[in-house]
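Take a look at the structure set out below.
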Amino acid sequence: MNEKVPVIEMRDVTKVFPGVIANDHINLAVHEGEVLGLLGENGAGKSVLMSILYGLYQPTEGEIFVRGKPVAITGPKVAIEQGIGMVHQHFMLVPVFTVAENIVLGDEPITNVGTLNTAKAVNEIKALSEKYNLEVDPHAKIEDISVGMGQRVEILKTMYRGAQVLILDEPTAVLTPQEIKGLFEIMHSLTEAGFPVIFISHKLKELMEVCDRVTVIRRGKMIGTIDIEDASPQILASMMVGRDVVLEVEKKPSQPKEVVLEVENIHAVGLNDLPVLNGVSFKVHAGEIVGIAGVAGNGQSELIEVITGLHKANSGDVRLNNETITNHSAKEIIHKGIATIPEDRHHRGLVLDFSIADNGVLGSHDQPPFARWIQRMFDAIRAYADKFIQEFDVRTPNQEAQVKNLSGGNQQKVIIAREIGRKPDLLIAAQPTRGVDVGAIEFIHRRIIEQRDAGKAVLVISNELDEVMGLSDRILVMFHGEIVGEILAKDATEDELGLYMAGAKRNTPSSPKEVSK
Amino acid sequence: MEILFSVLTVSLFAATIRSATPLVLAALGGIFSERSGIVNIALEGIMLIGAFFAMMISFYANQYGLPPLVSALTGMVGAMVFGFLISMIHAVVSIRFRADQVVGGVAINILALGLTGFLLQLIFETSGNSPSVPNLAAMPIPILASIPILGGIFFNQSPIVYVALLAVPISSFVLFRTPLGLRLRAVGEHPKAADTVGVNVFRLRYLGVGLSGVLAGLAGSYLSLGQLNIFTENMTNGRGFIALAAVIFGKWNPWGAFGACLLFGFADAIQISLQNAGVNIPSDFLLMLPYILTLVALAGFIGRSRPPAAAGVSYEK
Amino acid sequence: MTTSDESTIKRWRERIMLVVAPFIQQLILPVGAIILALLIGAIFILAIGNNPITAYIALLQGAFGDIFSIGETLEATTPLIFTGLAVAFAFRANMFNIGAEGQFLMGALAATWVGTSLELPSIIHLPLILLAGIIVGGLWGGAAGLLKAIRGVHEVISTIMLNFIAIFFIGYMVTGPMKEESALDIPQTAKMLDTAQLMKIMPPSRLSIGIILAVLVAAFIWWLLWKTTVGYEVRAVGLNFFAAEFGGIKPNYNMFLAMLISGGLAGLGGAVVISGLFLRFQHGFEPGYGFTAIAVALVGGNNPPGVVLAALLFATLSQGALGMQNVAGVPQDIVLIIQALVIFFVAAPQIVWAFPEWIERRREAAQAASEGGQA
């Protein structure tokens, strides 16, 4: 197979941004009918490389060959002409447009008088959708359709433009295990039809399952390409990180004590008044870590926001140490003893333009010793910052540095230092290691387990099943705004959790509503 | 008595159309700009520039011996050209240099006030009114103008009014029925999505802002050449902002904005005719109406108005 | 000189730079913008056949030529400090207050009412006038803040609308209920009572004690922004609404508060100008301080000390412009053009760098072309 001319070949591609070498002489080739995996940690340079292939960035050095011919891909338009199609990690769909409008945008069929030919567009889309078994509703608006259908629309967009090669950037992050299976089937039918697929991921098992070969990059450098027969998750992980990695989290058995958090039959609605939480009930004890697994978008984010007072619960009760805190203000709840590592540090976690010291007191900025009446007490604020910078090994020139100038891992450390520093009874950790490098992941996991061992109640929410399984003592699974399963972590298998996550199985003794059924 | 009543009504509605015309043109311009993702509070300044250059060009064209009507038409075209040029400053500053679009718009408005005042003083040595110039007065359209009632309202007007009335369906058609419109709207909603399918975001945004310059320039020419035959300092007097209000009130839709402009124009016309009739109610409250209505509309009491998602956000590849 | 001496000097230089560098960095942009705007203004002046140096000297003469001019320039600075602070404070909460003009005028109207219709001893009357300005201006700004907080109405649009509503409301009041009966051509209110006038401090100019009040208020706002939890919360909301909310700060309340304070500052400016300078409200009084304030806030880096300096700068320009027109024959509207240019350059500093880059590119292209021609 490798004797043939690759469909796409990138040779010695280098991309330099001011101060950073994002890609350093990367070589990559993909042949007809194969799935090539592209593996690397967050920030390793995968997306930059694919953006170069798609013409969104220009390489500083190096060449790209399409079927053996060198081409200068100066923009997405050229990439499309060369038959390259890309499905971006964040969908590139206009929410207020219909499926059909999104698919034809930029290459619209027109009538004789030059107007949009919607009928023709719809027919072409229907034909394509049947041919590749990609079911969509051409007339539906993007804002009304499911994530899975959104992804099919994205794939159809590339097919409509006559793509010969498909790049999928982290496509499984938002899908259920079932939808992932569906996606893999689509990929197989594409490769059978001769299309090569480039599959970008950092999930080792998925790569093992679907790829023929995997190219690994680390910190912008090419590490190598490995045939899947020669690979194992362990080998891929050490190629990705550059050393042997402990995939398991080490911890002692838990010793749960009294109930700290009790959530009872919570109902809540989201945008457009659609229900997002449908009677959620569970308990977290002191000295245990409870993990919530689930595909993103099944109510996990709203659940945390309800507990922390950022989202209104329509009914139900949240109790902390037997005291109701339902719909209390965020401020009160912080002072009652809940600390939270939010799921997105740039969105909720940090004021990026504030200094480390100012971020370190967010939430207790108006409490003694950091404030007296409305006057801020800078000596106390500075002393506190110096202390946690040292304790949590935050790498920074000084505490006056703006947090936007820190690396992702150090930013996350500032948040964790701040939240643990509140000495809470309950620590909520949502996506605690999203987008940080492996070294920081290990550090953060140890800190979370330390909190449990110090007798705190800990609630972990993560989209990474491995993380939930590794950290938790007890696992709850959320699906469509409900807790559909509860398993002790030591008994849990990925397959079983997958069934719960897809809504195909349920056991919920803790929910009163279910019991009454 | 009945005849009197009907005459009064026709003249009132004709006056409504006259008051609405500059608003309609500027609002359509605002729609094109904001639909492409560039917030345009510079409409006021662009109109003022249009009004001034329409007057000035008509003045010089006439001085060079062109017949009055040709002079005035040259002035009208000149207003569109200069409206376009000044809008390009806004475009470059907010698209190329990614400045805050509201700040840029404020600067354009101040620039327009300064530039027109400066030139008025320099060329005509006055700080108030320019000399009178050939204008584009009412030109009844044969046959149509003789239709009872409607003829008097719509078809006995300045040619710029006809342009404004035609511009509404054309704008709606372009925005919602053509590939160009689809792309323009895509760029204002989700520029990155448009970029990844090879649509040139920057070019379309320049187009959107440029159209707002041409249309608001034309709107300005109506003030100096359609309604009057002179330019007076700061003669737009907030009309650019009323047009902006109409854009929002009309939910970024040409027909909606047209309706809002008619409403605002009607408030203006009835205020004038009441004053002329000697009816003593404070006109200030009628003049306030467009602004209050817009606030009420924005507060969502008349259905929520959603701006293009990417309006006001600079695009960076 | 020994090496240890050198290293001491080096260390000191580093220490000094550590303190001075951020300050200079903050100054580079506005000062550069002003210089560039004045240069372009000079091109305008050249283009109409005048000498820009003569014109600018005339401008400085007009603004600072004698005690009277200096006093008048400072008097023109006073309202700009208040409205500049208003816009800057709202900016800190990420609110763009285009409505400082309306808030200023409403404050001025309220002050006029208190100053013309109540008879009180000066010691009560004056504070009451200022308070009236703060309250009514604050309500006018707060209304926009409230609409944003509870209905999500964008403050740029609502403050524009509120400006016009204010102007027409004032038009009604000054031509109607508050009109002085003996008023001649232009409708106007009665004159402020003697107890309702601020003390003059630099005769023969009309400079009142208001300038001192303005500087004190600037110092207070500086303290509020940087040294208190109020400022911390407002700034946190302005920089990251969602993180602030997560930290137990009520973002909507803070946006409202910022607009309330912003409007109060503008309204106070209106009260000071009426009781210190104009002494009555004339129909059609729209001095534009609220719009110049946007330039003042931007050039002043939304920081009170910067705002005071920027207010002085723009007052100098407008005060000197008349002198420039009379002496050098340059239309005074040129200062508006300069003002607009300053806003452009501060809002998009890349424009400044674009010139040399463009010239460099042209030169390279020309060079490449000539080399190509030789080969």
Sort out which residues of region C:171-189 are in contact (Cβ under 8 Å) with a residue 60 or more places away in the chain and touching a Phe, Trp or Tyr at 6+ places or on another chain (Cβ under 9 Å), and write them in order of number.
C:Met173, C:Val174, C:Met178, C:Gln188, C:Thr189
Can you say whether A:Leu36 is at pLDDT 90 or above and either part of a strand (DSSP E or B) or surrounded by fewer than 24 Cβ atoms within 10 Å (Cβ to Cβ) (or both), as far as the supplied structure shows?
yes
So, of the residues in region A:435-490 that are hydrophobic (A, V, I, L, M, F, W, C) and in a loop (DSSP other than H, G, I, E, B), which turns out to be nearest to A:Gln255 (Cα to Cα)?
A:Ala454
Residue tally, condition within 9 Å of chain B (Cβ to nearest Cβ) and either of a type in the set (Phe, Trp, Tyr) or in contact (Cβ under 8 Å) with a residue 40 or more places away in the chain (or both), over region C:145-168
10
Scanning region B:115-168 residue by residue, those within 26 Å of B:Phe32 (Cα to Cα), of a type outside the set (Ser, Thr, Tyr) and part of a helix (DSSP H, G or I) turn out to be B:Leu115, B:Phe154, B:Pro159, B:Ile160, B:Val161, B:Val163, B:Ala164, B:Leu165, B:Leu166, B:Ala167, B:Val168
Just to be sure, is B:Phe285 within 12 Å of chain C (Cβ to nearest Cβ), surrounded by fewer than 19 Cβ atoms within 10 Å (Cβ to Cβ), in a helix (DSSP H, G or I) and not polar (S, T, N, Q)?
yes
Mind checking which residues of region B:215-233 are part of a helix (DSSP H, G or I) and buried (at least 24 other Cβ atoms within 10 Å of the Cβ)?
B:Leu215, B:Ala216, B:Gly217, B:Leu218, B:Ala219, B:Gly220, B:Ser221, B:Tyr222, B:Leu223, B:Ser224, B:Leu225, B:Gly226
Could you go through region C:289-309 and let me know if any residue there is closer than 17 Å to C:Ile170 by Cα and either surrounded by fewer than 24 Cβ atoms within 10 Å (Cβ to Cβ) or of a type outside the set (Gly, Ala, Ser) (or both).
yes
Looking at B:Gly65 and the list (1) surrounded by 24 or more Cβ atoms within 10 Å (Cβ to Cβ); (2) outside any helix (DSSP H, G or I), which single condition is not satisfied?
(1)
For region C:96-110, name all the residues that are touching a Phe, Trp or Tyr at 6+ places or on another chain (Cβ under 9 Å) and among the hydrophobic types (A, V, I, L, M, F, W, C).
C:Ile98, C:Ala100, C:Phe104, C:Leu105, C:Met106, C:Ala108, C:Leu109
Exactly one condition in (1) touching a Gly at 6+ places or on another chain (Cβ under 8 Å); (2) more than 12 Å from chain B (Cβ to nearest Cβ); (3) surrounded by fewer than 15 Cβ atoms within 10 Å (Cβ to Cβ) is not met by A:Thr74; state its number.
(2)
Of all residues being at pLDDT below 85 and more than 14 Å from A:Ala100 (Cα to Cα) in region A:124-169, which is farthest from the chain's Cα centre (by Cα)? Just the residue, please.
A:Lys131
Which of the numbered conditions does B:Phe241 fail, given that it passes all the others? Conditions: (1) surrounded by 19 or more Cβ atoms within 10 Å (Cβ to Cβ); (2) without any contact (Cβ under 8 Å) to a residue 60 or more places away in the chain; (3) facing another protein chain (nearest Cβ under 9 Å).
(2)
Criterion first (under 24 Å from A:Gly455 (Cα atoms) and hydrophobic (A, V, I, L, M, F, W, C)) does A:Val351 satisfy it?
no
State all residues of region B:303-315 that are at pLDDT below 80 and within 12 Å of chain C (Cβ to nearest Cβ); if no residue qualifies, say none.
B:Arg304, B:Ser305, B:Arg306
Within region C:3-25, identify whether any single residue is surrounded by 13 or more Cβ atoms within 10 Å (Cβ to Cβ) and at pLDDT below 90, and answer yes or no.
no
Given the residues C:Lys200, C:Lys227, which is the only one that is away from chain A (no Cβ under 14 Å) and among the basic types (Lys, Arg)?
C:Lys200
Name the helices (runs of 4 or more DSSP H) wholly within region A:306-395 that hold at least 3 residues that are under 29 Å from A:Ile266 (Cβ atoms), within 14 Å of chain C (Cβ to nearest Cβ) and touching a residue at least 24 places away in the same chain (Cβ under 8 Å)?
A:330-336
Is there a residue in region C:108-130 that is within 14 Å of chain B (Cβ to nearest Cβ) and either closer than 17 Å to C:Arg280 by Cα or acidic (Asp, Glu) (or both)?
yes
May I ask you to list pairs of residues, at least six apart or on different chains, whose Cβ atoms are under 8 Å apart, with the first in region B:105-127 being within 7 Å of chain C (Cβ to nearest Cβ) and more than 23 Å from B:Ile41 (Cβ to Cβ) and the second being among the hydroxyl-bearing types (Ser, Thr, Tyr) and surrounded by fewer than 20 Cβ atoms within 10 Å (Cβ to Cβ)?
B:Gln121/B:Ser127
Scanning region A:83-114 residue by residue, the ones that are within 8 Å of another protein chain (Cβ to nearest Cβ), assigned to a strand (DSSP E or B) and surrounded by 17 or more Cβ atoms within 10 Å (Cβ to Cβ) total 1
What number of residues within region C:252-305 satisfy the criterion of being assigned to a helix (DSSP H, G or I), under 21 Å from B:Glu44 (Cβ atoms) and at pLDDT below 95?
10
Restricting attention to region C:299-336, which residues are over 16 Å from the mean Cα position of the chain (by Cα) and within 14 Å of chain B (Cβ to nearest Cβ)?
C:Ala321, C:Leu322, C:Met324, C:Gln325, C:Asn326, C:Ala328, C:Gly329, C:Val330, C:Pro331, C:Gln332, C:Asp333, C:Ile334
Residue among A:Ile428, A:Ile416 that alone is surrounded by 21 or more Cβ atoms within 10 Å (Cβ to Cβ), touching a strand residue (DSSP E or B) at 6+ places or on another chain (Cβ under 9 Å) and part of a helix (DSSP H, G or I):
A:Ile416
Per-region count, region B:181-196, residues in contact (Cβ under 8 Å) with a residue 12 or more places away in the chain and either part of a helix (DSSP H, G or I) or more than 14 Å from every other protein chain (Cβ to nearest Cβ) (or both):
10
Given (1) assigned to a helix (DSSP H, G or I); (2) touching an Asp or Glu at 6+ places or on another chain (Cβ under 6 Å), C:Arg235 misses just (2)
Given the conditions (1) assigned to a helix (DSSP H, G or I); (2) buried (at least 22 other Cβ atoms within 10 Å of the Cβ), report the number of the one that B:Thr236 does not fulfil.
(1)
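The values are calculated or read from the model by the stated rules, or taken from the named source; none is laboratory data. What you see is a predicted model; the values in this text were computed from it and never measured. In this analysis, Cβ positions are derived from the backbone assuming ideal geometry, glycine residues included, and neighbour counts consider all displayed protein chains.
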